[in-house]
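This is the structure I have questions about; it appears just below.
The values are calculated or read from the model by the stated rules, or taken from the named source; none is laboratory data. This is a predicted model, so every value here is computed, not measured. So basically every Cβ, Gly included, is an ideal-geometry build from the backbone, and we count neighbours across all protein chains shown.
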Amino acid sequence: MVLLSLIPFLAIYAGIIILQVFLSKRESKWPGLILPMLSFGTSLLIIFSIIAFMGVRTETHFIESDAILVVDVDEIYITEEMEARIAEIEAMREEFAAQHSIIEQEQIGTIITRILFTFIYANIPTGIFIAIYFACRGKQRRKRALDMMSLQDM
């Protein structure tokens, strides 16, 4: 069952590799560089998204409160219970801010390592595409050199 579900993905990858070989064998060198550039751009997009969303936290803290806010037309009255809750919330905010800055200082090496390994991992297809490109272009270069030598021998 697992192998059956892999067949479409393998077919897509095989098609992309065949496309890269086809583009690399073209007379102009630029078509063969399209897929490596797209792959490299995608890897940069992945890295920038990691950096952009590094500060986003998915944790949410809810505080249940039975405090009552009394609203009058002219003034807002805050009960003593609400003042206590406000002080509690501000203390929690300060504690969170202190912990957050400590976490960021301690994890800077971890973040750099994550970005570096993600960049390397995301550029594996780029490396494959470049290897295919240079292999195809090298064969073309040798063929042209042989053609030139055979023309000179005539």
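State all residues of the stretch 1-28 that are over 24 Å from the mean Cα position of the chain (by Cα) and surrounded by 12 or more Cβ atoms within 10 Å (Cβ to Cβ); if no residue qualifies, say none.
Matches in the stretch 1-28: 19, 21, 22, 23, 24, 25, 26.
Here's something else I'd like to know. When residues of the stretch 108-154 are filtered for being polar (S, T, N, Q), at pLDDT 80 or above and over 16 Å from residue 41 (Cα atoms), how many remain?
Quick first cut of the stretch 108-154, residues polar (S, T, N, Q) only: 110, 113, 118, 123, 126, 140, 150, 152.
Still in the list and also at pLDDT 80 or above: 110, 113, 118, 123, 126.
Retained after the next criterion (residues that are over 16 Å from residue 41 (Cα atoms)): 110, 113.
Counting residues in the stretch 108-154 that are polar (S, T, N, Q), at pLDDT 80 or above and over 16 Å from residue 41 (Cα atoms) gives 2.
Would you mention how many residues in the stretch 74-99 are assigned to a helix (DSSP H, G or I), loosely packed, with under 12 Cβ neighbours inside 10 Å and at pLDDT below 80?
If we filter the stretch 74-99 for residues that are assigned to a helix (DSSP H, G or I), which is where we start, we get 80-99.
Now narrow it down to the ones that are loosely packed, with under 12 Cβ neighbours inside 10 Å: 80, 83, 87, 90-91, 93-95, 97-99.
Remaining after also requiring at pLDDT below 80: 80, 97-99.
Final tally of qualifying residues: 4.
Let me ask something else about it. Among the residues of the stretch 111-120, how many are exposed (fewer than 11 other Cβ atoms within 10 Å of the Cβ) and within 13 Å of residue 51 (Cα to Cα)?
1
Could you give every pair whose Cβ atoms fall below 8 Å, whose first residue belongs to the stretch 4-26 and is of a type in the set (D, E, K, R), and whose second residue is modelled with pLDDT under 90, counting only separations of at least 6 or pairs across chains?
25/140
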